[in-house]
Each structure stands twice: as C-alpha cells, then as structure tokens.
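Here the structure comes first, spelled out in structure tokens, and everything after it is commentary.
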Amino acid sequence: LLQQVRGRILVICPPILQEYWKESLLDFRVPAEVESLGKLENIIRKGISKYDYVVVDEAHRFRNEATQSYADLLDICRGKRVILVTATPLNNKIDDIFSQLKLFQIPKKSTIPGVPNLIGFFNKLNKKLDDYKPRVYKDQNGNVYRTKEEEIAYKAALKEVSNEIRDKVLKHVM
C-alpha cells in the first residue's frame, strides 16, 4: 500500500516494532519516517506539516478520546491521509471505532457516502444497544445474574449494529 502513495509518510508504532517497520520499509523501498507512539509530543514539536500520510500501527490504542496521547495523535493526523492498522478495532464498545474514525473524519461533516453525520449515526446505534442491554439481577444470596433471553436479544442487537457499521461505514474507509 505504501508503495502506491505519493508524499511524505510518517509511521507511528509501538517502540518494539520500530526496527521492524524501518527494515520493512527499506526492503520495499518506501521512504518514510518511523516514530514511537510514546513520543507523540516530540513528533509535534519537530513539526508535522511536512507529512502527507500518517500510518498508525496498533491504532486500537487510540480508542479513548480522554487521553493526552489521543489529543496529540489527533493533532498529528489533522489534514493528513491516515492509515490505521489494528487487529482489534472494536474492543469494548462501538465508540472505540467512532473514536478512531474521528482521527481522519470530521464527525458532523463526514465524507463517508450516506453517513454525513457520524455523531448521529453512532448515537442511534448506541441507543439501539441500550434498549437491549441485559439488566443485572441479584438472587437472595446476592449473586449477580442476567436472564438468558436478555443476553440472546442483546447479542442479536450487537450483531445487527456491527453489520450496520461494517456495511455503512467501514466498507467505505477500509
């Protein structure tokens, strides 16, 4: 993929993968800079305007918008073409994917066909899941349980929501 792009490339990855990335890029004759995801503030300090593409390996680490590292990565990605590499885009909740999309999409002015407002799209899906979220019950001994019927209904709703994200959003950005 990176052999096909034209422009300056920045690869951000875990420190343990830096040498692997450097060697692989060299093997494929792809000129790029490789930086540790733990050094985002240094990347910003050195200047980010020179990059056209940002590749983020282990992108699922940036699913929490309340962290400084997310804010730093958002600054780095703003106005760039972004490639996120992850094996686990959805880890805890569907907002994990939404947070990663916001690294390269404006939430209320999305370029995704048919989904111009990502905030509304994800709010609707979260509401659908909330309607099916299993309640927690306690028996007379204080043991916590959920009804099997509610668990089954929730899993079906989660599958439906996941399919909608795949079909309406991910297929356009992957």
**OP:** Go through (1) without any contact (Cβ under 8 Å) to a residue 40 or more places away in the chain; (2) surrounded by fewer than 18 Cβ atoms within 10 Å (Cβ to Cβ); (3) under 17 Å from Ser36 (Cβ atoms) one by one and return the number of the condition Tyr70 breaks.
**Re:** (2)
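Does Glu65 qualify as being in contact with a Pro (Cβ under 7 Å, 6 or more places away or on another chain), over 17 Å from Val173 (Cβ atoms) and either among the charged types (D, E, K, R) or open to solvent by 80 Å² or more (accessible area, probe 1.4 Å) (or both)?
Working: in contact with a Pro (Cβ under 7 Å, 6 or more places away or on another chain): no; over 17 Å from Val173 (Cβ atoms): yes; either among the charged types (D, E, K, R) or open to solvent by 80 Å² or more (accessible area, probe 1.4 Å) (or both): yes.
Answer is no for this residue.
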Subject >> Enumeration of residues in region 77-134 that are closer than 30 Å to Arg146 by Cα, open to solvent by less than 20 Å² (accessible area, probe 1.4 Å) and not aromatic (Phe, Trp, Tyr) >> reply: Ile94, Asp96, Ile97, Ser99, Leu125, Leu129, Pro134
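State all residues of region 7-16 that are open to solvent by 50 Å² or more (accessible area, probe 1.4 Å) and either among the acidic types (Asp, Glu) or in contact (Cβ under 8 Å) with a residue 40 or more places away in the chain (or both); if no residue qualifies, say none.
Scanning region 7-16 gives a single hit, Arg8.
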Original post:
Does any residue in region 21-33 that is free of Cβ contacts under 8 Å to residues at least 60 places away in the same chain come within less than 6 Å, Cβ to Cβ, of a residue that is part of a helix (DSSP H, G or I) six or more places away or on a different chain, and which pairs are these?
Top reply: Ala32/Leu25
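Conditions (1) farther than 30 Å from Gly120 by Cα; (2) within 18 Å of the chain's Cα centre (by Cα); (3) aromatic (Phe, Trp, Tyr), marked per residue:
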| site | (1), (2), (3) |
| --- | --- |
| Lys22 | yes, no, no |
| Gly38 | yes, yes, no |
| Lys50 | yes, no, no |
| Ala59 | no, yes, no |
| Phe62 | no, yes, yes |
| Arg78 | no, yes, no |
| Asp96 | no, yes, no |
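Kindly indicate which of Lys124, Lys128 is among the charged types (D, E, K, R), over 20 Å from the mean Cα position of the chain (by Cα), assigned to a helix (DSSP H, G or I) and within 15 Å of Asp95 (Cα to Cα).
On the way: Lys124 fails: over 20 Å from the mean Cα position of the chain (by Cα).
So the residue among Lys124, Lys128 that is among the charged types (D, E, K, R), over 20 Å from the mean Cα position of the chain (by Cα), assigned to a helix (DSSP H, G or I) and within 15 Å of Asp95 (Cα to Cα) is Lys128.
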Original post:
Does any residue of region 72-91 turn out to be modelled with pLDDT of 90 or more and over 21 Å from Thr111 (Cβ atoms)?
Top reply: yes
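Give region 135-174 a look and list any residue that's β-branched (Val, Ile, Thr), open to solvent by 90 Å² or more (accessible area, probe 1.4 Å) and modelled with pLDDT under 90, or say none.
Val144
The values are calculated or read from the model by the stated rules, or taken from the named source; none is laboratory data. Everything numeric in this text was worked out from a predicted model, so none of it was measured. Every residue, glycine among them, receives a Cβ derived from its backbone with ideal geometry; neighbour counts consider all protein chains shown. When the accessible area is computed, the model is the full protein with side chains, heavy atoms only, and any ligands, DNA or RNA have been set aside. Shrake-Rupley method; radii C 1.70, N 1.55, O 1.52, S 1.80 Å.
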